[in-house]
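Just below is one structure, and these are the notes that go with it.
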Amino acid sequence: MSDRSCYVCVKHLGCHFCSRLWDRRERASGGFALHTRTANSIRYSLQQYPVPENKTGTYVVELLTKRILALGATQQGQFLVDCESYLSHPLMGTTKTVHILHNSEQPASVFSILESGTKNIHVIADGLFDLLMMKLSQHYTSKKQTKIESKGPRFELGDFCVKLGSVTMNQNFKGILIEVEYRPCVMANAVWGLLREFLQGLLGPTVPVQPPQHLISRMNEIYTPIDTIYQYLEHFSAYRKTTGMRTT
Amino acid sequence: MSANAAPITATDSLSQALKANIIPNQEYLLQGSVLDSAVEVLLHRLRGLCDNVDAGPETFDDQEVCFSLRDPNHHQAPPLMLRVRKALDARDMPFQLRYIGQPDLGDKNRPTVVRSSLDIACSGMLIEFLNELGCRIEFEYSVKGYMFRKGRMKITVAKVFKISQNSMPPEPISQSYLVELSVLAPQGQDAIGEDMRAFADQLRPLVQLDKIDYKRLGHMSVS
């Protein structure tokens, strides 16, 4: 059995759904299998957590870690979400930006969002998409100094998964992003109340009443990993416009 | 490495894979054709030689769209070509995005065409994405036929059709089948070419698989 992992269940390709699609596609192309989603899609919310003036990012992450461990969570490794952006060559007309994101929850996937004026078009591809972007270097140039990532510990507490991310850009600390995932539910409308309650219990009254901007128009649609990536991109774009903060 | 160590970035992972030369980014290729009247004999021969034929040869029905992207700095340079293939008989399968480089002209004694090739499975709005990226559609076609495997080698015997604009059945572009023998492998595994040549010899005289000189084809008029 291949040791490549499916991007949705992140397991070895042993689940019935994965192995059926992998087998068929592997025969046809000899390449990676990538399927869209299963009924076990999961639900995320992404929140910024403010770092008080006289405190540091490390202090805040340690404080939140103690809180979540006190609730009975266990740490399950670390996570990493990163974003690199490419700008179109000026001779190609209207400026377009291609954002390439990776999420350690889906290690075999590359998420790509093309920003063109008012619309965003996304593509989810396998790992070799990064190599393709290198081939496009004459047309789209990476703005390496704006490469940004959110990295930190990952905790599991019953049906919830909580990630405490320290956001850094070019070694400069930018802030804290907390990601909370409620696994059993696939639709935002059915779970936003519960998620908000959980977040208030963990973070206090700073939790906004409204769901994240990206989800507001998608509350009745099936949630997929690209929805998480859009939320990260929204926050990363905001962080890119701010100056750095103290980390220690 | 401890269980709580920071995960390696995707870029670092890819760099390591490139250094270790495990990414299959090179295509070794031989092509030929066989008339409609003779294809059954070839299929019968392939059934005897190949691996994946327990329940009959595997069929496929794909549509391929070819895009080009011009270099904004050098208008005379050959454009970058990208191909998008989707399965018409399995609509829920991912698209296949393919980058194919220019054939390597290094060693004329090489038994096969060698060219750089990236096969990327994609889902999402790939066609719109490529259009917005600045790519232009060059041509499209559909291809329907059979796929065989022999170890690492893939052999396809397929008929190419024009895309029909209305509900008419698609029109074939010739009275023959295109036969392709290919292997996708990391760079530097040139011994594969010899194995491919040996296999191609087993298919003679039913079909003659050879290196195609694409420059000569480029000068032919297209109707």
Task: Interface burial for B against A (accessible surface, 1.4 Å probe, total of both chains, Å², rounded to 100) - done: 4300
Task: Separation in nanometres of the label points that stand 7 Å from Cα toward Cβ, at B:His74 and B:Asp89 - done: 4.2
- [ ] At most 15 other Cβ atoms within 10 Å plus a DSSP loop assignment makes a site exposed; report the longest stretch of chain B without any exposed trypsin sites (Lys or Arg not before Pro).
- [x] B:1-90
Open item on the list: I'd like the carbon and sulfur percentage of the solvent accessible area for the range B:27-213, probe radius 1.4 Å, heavy atoms only, ligands and nucleic acids excluded.
Closed with: 50
TODO: Take the alpha carbon gyration tensor of the range B:27-213, find the square roots of its eigenvalues, order them as a ≥ b ≥ c, and report rounded if a/c is under 1.5; if not, report prolate when a/b exceeds b/c, else oblate.
DONE: oblate
Task: Expected-Rg normalisation [2.2 N^0.38 Å, Cα atoms] applied to the protein assembly as shown - done: 1.10
Task: Paramagnetic label zone (point 7 Å from Cα along Cα-to-C-beta, B:Ala17; backbone N under 19 Å) in the range A:111-125 - done: A:111-113, A:123-125
TODO: With a 1.4 Å probe and every protein chain left in place, work out the accessible area per residue of the range B:107-147 in Å², rounded to a whole number.
DONE: 42
Task: Residue among B:Ala87, B:Ala55, B:Ala191 with the largest mean-square fluctuation in a Gaussian network model of chain B, springs linking Cα atoms under 10 Å - done: B:Ala55
Task: Residues of the range B:1-39 buried by at least 20 Å² on assembly (accessible area, 1.4 Å probe, chain alone as reference) - done: B:Asn4, B:Ala6, B:Pro7, B:Thr9, B:Ala10, B:Thr11, B:Leu14, B:Leu18, B:Ile23
TODO: Kindly provide the helix-only [θ] at 222 nm of chain B, computed as the sum of -39,500 (n - 2.57) over DSSP H runs of four or more divided by all residues, to the nearest 500 deg cm²/dmol?
DONE: -6000 deg cm²/dmol
- [ ] Can you tell me the FRET efficiency between B:Lys162 and A:Val209 if r is taken as the Cβ-Cβ distance and R0 is 56 Å, rounded to the nearest 0.05?
- [x] 0.50
TODO: Count, for each residue of A:116-123, the Cβ atoms from other chains sitting within 10 Å of its Cβ, then give me the mean as a whole number.
DONE: 5
Task: Too-long pairs where the Cα-Cα distance tops 32 Å, listed order kept, from A:Lys147/B:Lys144; A:Lys119/B:Lys159; A:Lys119/B:Lys144; A:Lys151/B:Lys86; A:Lys96/A:Lys151; A:Lys135/B:Lys144 - done: A:Lys147/B:Lys144; A:Lys119/B:Lys159; A:Lys119/B:Lys144; A:Lys151/B:Lys86
Task: Peptide B:71-77, shielding by other chains (average Cβ, 10 Å cutoff) - done: 3
TODO: Work out the mean other chain Cβ neighbour count within 10 Å for the residues of A:154-166 and drop it here as an integer.
DONE: 0
Open item on the list: Give the aspartates and glutamates reachable from A:Lys163 as a straight Cα distance under 19 Å; neighbours fewer than 8 places away on the same chain don't count.
Closed with: A:Glu62, A:Asp82, A:Glu105, A:Glu149, A:Glu179, A:Glu181, A:Glu197, A:Asp227, A:Glu234
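The values are calculated or read from the model by the stated rules, or taken from the named source; none is laboratory data. These numbers were taken from a predicted model, which means no experiment stands behind them. Every residue, glycine among them, receives a Cβ derived from its backbone with ideal geometry; neighbour counts consider all protein chains shown. Accessible surface is based on the protein model in full, side chains and every heavy atom, while ligands, DNA and RNA are left aside. Shrake-Rupley method; radii C 1.70, N 1.55, O 1.52, S 1.80 Å.
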